Amino acid sequence: MAAPLDMEPSALSLELLPTDPLLLILSFLDYRDLMSCCYLSRRLNQLSSHDPLWKRHCKKYWLISEEEKSQQNQSWKAIFVSTYSDLGRYIRYYATLKKAWDDLEKYLGQRCPRMIGSLKESVREEDLDAVEAQIGCKLPDDYRCSFRIHNGQKLVVPGLMGSMALSNHYRSEDLLDIDTAAGGFQQRLGLKQCLPLTFCIHTGLSQYMALESVEGRNKYEIFYQCPDQMARNPSAIDMFITGTSYLEWFTSYVNKVVTGGYPIIRDQIFRYVHDKECVATTGDITVSVSTSFLPELSSVHPPHYFFTYRIRIEMSKDALPEKACQLDSRYWRITNAKGDVEEVQGPGVVGEFPIISPGRVYEYTSCTTFSTTSGYMEGYYTFHCLYYKDKFFNVTIPRFHMVCPTFKVSTARMVSGDAVVLILETNHNEYAVDEDEDSTDTDEYEDRRRVLDIPAPSGRCPRHT
């Protein structure tokens with residue numbers, strides 16, 4: 001007998017599904033929804049506690065490995081819940097920051113293990129709360145999360161956040177622990193409500209994070225301070241922007257390190273950036289260049305942007321022995337962002353006349369300044385053959401560009417006795433001046449640097465104009 005036409009089929013209940021397809025459905029739920037299922041019915045409570053369901057969440061959010069799980073002797077769900085009770089507020093950031101720290105430790109452990117010994121253990125929630133009470137500002141959760149993993153490092157050399165060495169200038173930035181950072185918290189004009197993240201014991205240089213949107217800064221923006229030397233008001237602080245948030249700032253730096261973007265030399269991370277296209281080969285000799293901007297030797301007012309470059313000259317190991325040669329002179333063509341060109345010639349490099357032979361490498365570091373925010377250099381070296389002393393030839397130096405970071409300018413000027421503060425934001429591709437200061441090749445100040453043989457000089461490199 002047929003069913004009446006007005007009889008509707010009964011609604012399918014999720015709980016009536018067989019166990020296997022129901023577990024498959026639950027495996028697609030996020031941890032919040034999975035936890036909510038525990039309160040819907042006895043069966044869903046039982047199935048949502050199925051341990052393999054929580055394995056995925058433990059690995060995704062807390063990076064818990066099988067080995068760590070076996071050591072804790074707990075179920076995956078119990079591990080997730082206990083970890084969430086401690087670090088739940090950081091669930092958006094923890095996996096990203098933990099991976100960055102793990103990758104960094106693994107990389108440094110293989111290449112400069114003594115730096116690992118300077119890292120401090122994590123801090124507690126109450127320690128971070130105490131710092132917030134001390135400074136009267138809230139710390140961003142990504143910053144707090146990082147310090148739940150590692151409390152920065154000891155004030156030592158080398159610094160975790162990179163080094164830079166010239167003939168009479170050395171910088172090595174430490175990642176500050178939470179107490180030292182709190183002790184350097186700023187409330188003075190020009191740096192109001194700014195927390196130092198790094199510190200160099202040689203130069204006093206720090207990168208700061210703005211904890212509030214004041215004095216033209218964005219909240220959680222990270223920057224190098226640069227006093228406006230032309231302002232009558234000493235509180236006028238220009239900013240070279242290095243990050244928009246702690247998460248972006250720290251993870252992008254770590255990525256540069258662990259992918260080999262920054263070279264490791266004598267157990268130190270050097271923040272030279274190498275453009276893979278910035279390589280030129282002439283015969284058997286290859287020249288490559290990496291560059292770096294030095295904020296501590298730069299200023300916006302007056303416009304003076306300081307760059308250092310590291311040049312590597314290498315002869316192919318397959319070259320014939322009679323190809324050995326010696327560098328006699330250099331020629332530079334230097335162009336700033338306004339198109340002004342300066343040409344420089346001089347004997348040798350760094351006061352030396354290096355000999356290049358098959359398989360040998362010569363490296364040196366030099367510096368230059370621009371009155372514009374960007375510029376580029378190119379040129380050639382002149383060599384003579386050792387076996388045929390009357391034979392000379394030129395080796396191309398590839399064009400390499402130097403661009404300072406985006407910056408914000410705070411210019412305090414006195415108008416009728418009142419302080420007027422003007423905030424501007426400068427684009428990378430703009431030049432910020434209309435002055436006659438030219439770029440200057442500074443080979444007379446260069447310091448030879450052999451591979452893995454960079455000393456740590458002290459003092460400051462003069463600003464050459």
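Here are a few things to note about the model shown:
- Sulfur and carbon atoms: percent of accessible area, region 94-259 [1.4 Å]: 49
- Pairwise centroid distance, computed over Cα atoms, of region 73-127 with region 217-247, Å: 30
- Model label points for Val279 and Arg188, set 7 angstrom from Cα along the Cα-to-Cβ axis, are 4.7 nm apart.
- Relative contact order computed over region 273-406 (Cα-Cα under 8 Å; 6+ residues apart), in percent: 29
- For region 83-190, the list of GluC sites (Glu not before Pro) that fall in a loop by DSSP and count at most 12 other C-beta atoms within 10 angstrom reads Glu121.
- The charge dipole of region 273-406, taken about the Cα centre with unit charges on the Cβ atoms of Lys, Arg (+1) and Asp, Glu (-1), comes to about 100 debye, rounded to the nearest 20.
- The largest-to-smallest principal axis extents of the Cα set in region 52-145 are 44, 35, 20 Å.
- At the listed q of 0.15 Å⁻¹, the Debye profile of region 18-89, built from one uniform point per Cα, gives log10 I(q)/I(0) equal to -0.48.
- Built from the Cα atoms of region 94-259, the convex hull projects on average onto 10.1 nm², one quarter of its surface area.
- Phi-derived couplings, Karplus 6.51 cos²θ - 1.76 cosθ + 1.60 at θ = phi - 60°, listed residue by residue for region 334-348: 10, 10, 8, 5, 8, x, 5, 10, 10, 10, 9, 10, x, x, x Hz, with x used for Gly and Pro.
- Carbon plus sulfur fraction of accessible area for region 18-89, probe 1.4 Å, in percent: 54
- Karplus-based coupling profile of region 140-148, in residue order and whole Hz: x, 5, 5, 5, 4, 4, 4, 7, 6, with θ = phi - 60° in 6.51 cos²θ - 1.76 cosθ + 1.60 and x standing for Gly or Pro.
- Rg(Cα)/(2.2 N^0.38 Å) for region 273-406, N = residue count: 1.13
- Averaging the sequence gap over all C-alpha pairs within less than 8 Å and six or more residues apart, then dividing by the number of residues, gives region 18-89 a relative contact order of 24 percent.
- Region 153-169 residues near the modelled Arg114 label - backbone nitrogen below 20 Å, point 7 Å along Cα→Cβ: 153-166, 169
The values are calculated or read from the model by the stated rules, or taken from the named source; none is laboratory data. Since we're looking at a predicted model, the values are computed, not measured. Cβ sites come from the backbone with ideal geometry, for glycine too, and all protein chains shown count toward neighbours. Please note that ligands, DNA and RNA were not included when accessible areas were found on the heavy atoms of the full protein model with its side chains. Shrake-Rupley method; radii C 1.70, N 1.55, O 1.52, S 1.80 Å.
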